[in-house]
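Engineer: Take a look at the following structure, please.
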Amino acid sequence: MSRTAPTPNRFGVALLAEWRKLTSTALWWVLGLGMAAYLAFMGAVLAFTFAAAPPSPDTPAITGVDAALAVLGTLNAIGYVFPLLVGTLLVTTEVRHRTLTQSLLVEPRRGVLLGAKLVVAASVGLLYGVLGVVGLLATSAPVLELAGDGIFLTDPAVLRVLGLGILVTGLWAVLGAAFGAVVPNQVAAIVAVLAFTQFVEPIARLGLAAVDSLSGVAAFLPGAAADSVVGASLFGEISGGGGDLLPGWAGALVLLAYAAVLTVVGRYTTFARDVA
Amino acid sequence: MDAPVLAVEALGKSFGPVRAVDDLTFEVQPGRVTGFLGPNGSGKTTTLRMLLGLVRPTDGRALVGGRPYDAHPVPGALVGAALEATGFHPGRTGLGHLTAYAPQVGVDRQRCREVLELVGLGPAGDRKVGGYSLGMRQRLGLATALLADPPALLLDEPANGLDPEGIVWLRGFLRHLAAEGRTVLVSSHVLAEVQHTVDDVVVIAKGRLVHASSLAELAALAGVSTYVETPDPAALSALCAERGWVSAPRDRGTQVDDVDAATVGAAAHAAGLELHQLTTRGADLEDVFLRLTGAAS
C-alpha cells in the first residue's frame, strides 16, 4: 500500500511494535477474558438445554454429536463482537489518545502502519478464537459428558466447526481493524459496532429474508457470511431467520472483501490525512 | 556526529481558507541550539509537523538532511521529536510506552530504561502514564525523542509544565547536546524561556518569517540605553538636548537611548552634574521579540 514495498524487516519491527502496543494495556486481556467467560456461560446454558430437554413430539430432540456441534458452533454467532471490538480499538485508540503522531514518527509509511495493525488484529483474533473455544469447552464438555451424550471432541465434524470458528474469529478482528480505519472516532466506532451487530444486522437479516426477491442479499451481510463459514448452526438459524447461506468458502471471501474495501477506504481517508 | 541540516524552503500550508504557514524559508544548523519563536497560533507546530511528514505542505518543501523525513530508512533514529499534543495511552506505563516504540528506532529495553533515568523518570517508569503530572509527561516525551540517541532533536515547547529545576536541567542538557554536534531545534512562544539556551533564532508571526539570525544579532537590534538618576533632572534634560540624545523619564530617573554609560558619565562630569546612579540597561530582547511579532500582525 505504500509507494515502495517495505523491506521485510521494516514490516517486522512494525509488527513487533503493534503487538507491544496491544499487550501493554489491559484492554486485550480484559476483552479476551470477557469473551471466554461469556462463551463459558452460554456453553453451559446451551449444553443444559440439550442434555436436559424433555422429549417433545413437536421438535425432534438434538442428541449425540449434533448436540455437541450445536453448542460448539456458537463460537462465532455469540462471540464475534469481542474480536470485532479489539480490532476496532487497535486503530481508534491511537486516535483517541493521540499516539498516532508518535506511531507515524517512527513509521511515516502509513500503509506499513495500517498493514501491521491488520496482521496483529488477525493474530489476536485467532487467539480470541482459541480463548472462546476454551471457554465453551470448559462448561459444555462436562455437562454434555455427564448429562448428555458426550462432547465428541475427536469427531472430525466437531474439530472442523471449532477450527472454522477460530478462523472466523480472526477474520472478525481484521474486519474490526479495517472498520476502525474508516471510523477513527472511538466512541462512534464502538457505538456503530454494537448497533450494527446487535440491532441492524439481525433486523436486516429477518427483514430481507421475508422479502422473496431480496432473500439472497441477506446472505451477504457480514454476520450471515461468517455463519456460512462455520456452517449453519442452530443459533445461526434462529438469529438468521432461516435465510439461505452462502457456501463456506464464499462466506470467507465476502468477509475478506468487506475488510479489503474498508482498508482501502481507511487508507485513503483517515490514514491519508494530516495528523495535527 | 553527522547531524542533518533542517531546511524549510518556501513552505506553505493552507487549512481551508486559513493560511497557517506562508512562504517560509529558513535553515537549522548542526552544533547549535536554534530557537523557533512566535506567538501561539503563528504556525510553529504546523511547520514542525511538516518537517516530520505528519502534515503535507501545500507549497514548498521541508527537508531533513536534504531529503523529506519519510524518505529516510529509519527516520525515528535520525530525528528525535517531542511535539505538543502528542499523546500517551493513560493505561500504559512509561516503560511500556517506550518499549512499544523501541523496535522501529532499533533499540532494546535496556536503552528504554536508560533514557528514563536520563530524564529523571527512572522509578516512575513502571507506573501508568495516566497518573503522571504534566511535567512528567513532558519528560517522557523527551525520553521518547532521545530513544535512538538521534543526531537531530526537534522539541515543541519543551519547557511547558517543567518546574524551575527541570527548566535549568533542560537548558544545560540542550547545550550539551548541541556541543556534541547535534542539530537542536526548540520552539517556544516566550523568548525569555529560551534566551539563555539558544545560539540562533528563527522568529515567525502569522505563518511568515519575520527574523532569522544569531541571538547576538537579535540582541543588537535592541540597542543599548543608559539609566541615570540625578537630583537635578532639568540640568540632565538640558545636557541631553545639547548633545542631541533622546531621553525620557523612567522609574525614578531618566533613560537615555542609544548611548552607553561611559559617554553619559563623561558628559555629566564635564558639565559638573551630580549623578546618583549610572547604569547600562541590557538589551530587552522580549521588547524586540514583541516588536517583531507585533509588526506582522
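Engineer: Please go through region B:14-44 and pick out each residue that is buried (at least 22 other Cβ atoms within 10 Å of the Cβ) and touching a Leu at 6+ places or on another chain (Cβ under 9 Å).
Structural biologist: Across region B:14-44, the qualifying residues are B:VAL21, B:LEU24, B:VAL28, B:VAL33, B:THR34, B:GLY35, B:PHE36, B:LEU37, B:GLY43, B:LYS44.
Engineer: For region A:80-136, how many residues meet the condition of being away from chain B (no Cβ under 14 Å) and in contact with an Asp or Glu (Cβ under 6 Å, 6 or more places away or on another chain)?
Structural biologist: So the answer is 0.
Engineer: Failed condition for B:GLY181, given (1) touching a Leu at 6+ places or on another chain (Cβ under 9 Å); (2) surrounded by fewer than 17 Cβ atoms within 10 Å (Cβ to Cβ); (3) in a loop (DSSP other than H, G, I, E, B), with all others met?
Structural biologist: Every condition holds for B:GLY181 apart from (1).
Engineer: Shifting gears a bit: How many residues are of a type in the set (Gly, Ala, Ser) and assigned to a strand (DSSP E or B) if we restrict to region B:1-54?
Structural biologist: 6
Engineer: Now for a different question. Only one of these is under 30 Å from B:GLY265 (Cβ atoms) and either among the aliphatic types (A, V, I, L, M) or assigned by TED's automatic domain parsing to the domain that holds B:LEU116 (or both): B:LEU218, B:LEU170, B:LEU142, B:LEU147. Name it.
Structural biologist: B:LEU218
Engineer: Residue by residue through region A:7-38, note down the ones that are among the aliphatic types (A, V, I, L, M) and within 11 Å of chain B (Cβ to nearest Cβ).
Structural biologist: A:VAL13, A:ALA14, A:LEU15, A:LEU16, A:ALA17, A:LEU22, A:ALA26, A:LEU27, A:VAL30
Engineer: Here is a follow-up. Look through region B:115-133, keep the residues that are outside any helix (DSSP H, G or I) and within 14 Å of chain A (Cβ to nearest Cβ), and return whichever of them is nearest to B:ILE167 (Cα to Cα).
Structural biologist: Only one residue tops the list, namely B:TYR132.
Engineer: Would region B:98-108 turn up any residue that is farther than 25 Å from B:PRO151 by Cβ, among the aliphatic types (A, V, I, L, M) and either part of a helix (DSSP H, G or I) or outside the structural domain of B:GLU157 (by TED's automatic domain parsing) (or both)?
Structural biologist: Scanning region B:98-108, I find no residue that is farther than 25 Å from B:PRO151 by Cβ, among the aliphatic types (A, V, I, L, M) and either part of a helix (DSSP H, G or I) or outside the structural domain of B:GLU157 (by TED's automatic domain parsing) (or both), so the answer is no.
Engineer: May I pose another question? Kindly provide the set of residues from region B:67-91 that are touching a strand residue (DSSP E or B) at 6+ places or on another chain (Cβ under 7 Å) and farther than 30 Å from B:GLU27 by Cβ, ordered by number.
Structural biologist: B:PRO90, B:GLY91
Quick grid of which residues meet (1) in a helix (DSSP H, G or I); (2) more than 14 Å from every other protein chain (Cβ to nearest Cβ); (3) over 25 Å from A:ALA17 (Cβ atoms); (4) out of contact with any Leu (no Cβ under 6 Å at 6 or more places or on another chain):
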{"residue": "B:GLY87", "(1), (2), (3), (4)": "no, no, no, yes"}
{"residue": "B:ARG113", "(1), (2), (3), (4)": "yes, yes, no, yes"}
{"residue": "B:GLY135", "(1), (2), (3), (4)": "yes, yes, yes, no"}
{"residue": "B:THR144", "(1), (2), (3), (4)": "yes, no, no, yes"}
{"residue": "B:GLY172", "(1), (2), (3), (4)": "yes, yes, yes, yes"}
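Engineer: Considering each residue of region B:13-44, count those that are of a type in the set (Ser, Thr, Tyr) and modelled with pLDDT under 95, and give that number.
Structural biologist: Residues meeting the conditions: 1.
Engineer: Out of region A:161-172, which residues are within 15 Å of A:LEU69 (Cα to Cα) and touching a residue at least 24 places away in the same chain (Cβ under 8 Å)?
Structural biologist: Passing the criteria: A:VAL161, A:LEU162, A:LEU164, A:GLY165, A:ILE166.
Engineer: With the checklist (1) over 15 Å from the mean Cα position of the chain (by Cα); (2) modelled with pLDDT of 95 or more in hand, flag the one item B:LEU155 doesn't pass.
Structural biologist: Just one mismatch for B:LEU155, condition (1).
Engineer: Take the conditions touching a residue at least 12 places away in the same chain (Cβ under 8 Å) and among the aliphatic types (A, V, I, L, M) and apply them to A:ALA188. Does it pass?
Structural biologist: For A:ALA188, the condition - touching a residue at least 12 places away in the same chain (Cβ under 8 Å) and among the aliphatic types (A, V, I, L, M) - is not met.
Engineer: Taking the condition more than 28 Å from B:THR197 (Cα to Cα), within 11 Å of chain A (Cβ to nearest Cβ) and out of contact with any Ser or Thr (no Cβ under 6 Å at 6 or more places or on another chain), does B:ASP70 pass?
Structural biologist: yes
Engineer: Just to confirm my filter: which helices (runs of 4 or more DSSP H) fall fully inside region A:115-211 and include at least 3 residues that are touching a Phe, Trp or Tyr at 6+ places or on another chain (Cβ under 8 Å)?
Structural biologist: A:156-182, A:186-195
Engineer: Follow-up. Go through region A:113-149 residue by residue and tally those that are of a type outside the set (Lys, Arg) and under 21 Å from A:VAL174 (Cβ atoms).
Structural biologist: Number of matching residues: 20.
Engineer: While we're on this one: Looking only at residues that are more than 20 Å from B:SER213 (Cβ to Cβ) and small (Gly, Ala, Ser) in region B:13-33, which one is farthest from the chain's Cα centre (by Cα)?
Structural biologist: B:GLY16
Engineer: While we're here: Determine whether B:ALA62 is more than 9 Å from chain A (Cβ to nearest Cβ) and either in a helix (DSSP H, G or I) or touching a helix residue (DSSP H, G or I) at 6+ places or on another chain (Cβ under 9 Å) (or both).
Structural biologist: It is true that B:ALA62 is more than 9 Å from chain A (Cβ to nearest Cβ) and either in a helix (DSSP H, G or I) or touching a helix residue (DSSP H, G or I) at 6+ places or on another chain (Cβ under 9 Å) (or both).
The values are calculated or read from the model by the stated rules, or taken from the named source; none is laboratory data. Predicted, not measured: the structure shown is a model, and the values here were computed from it. Methodologically, a virtual Cβ is constructed for each residue, glycine included, from the backbone with ideal geometry; neighbour enumeration extends over all protein chains shown.
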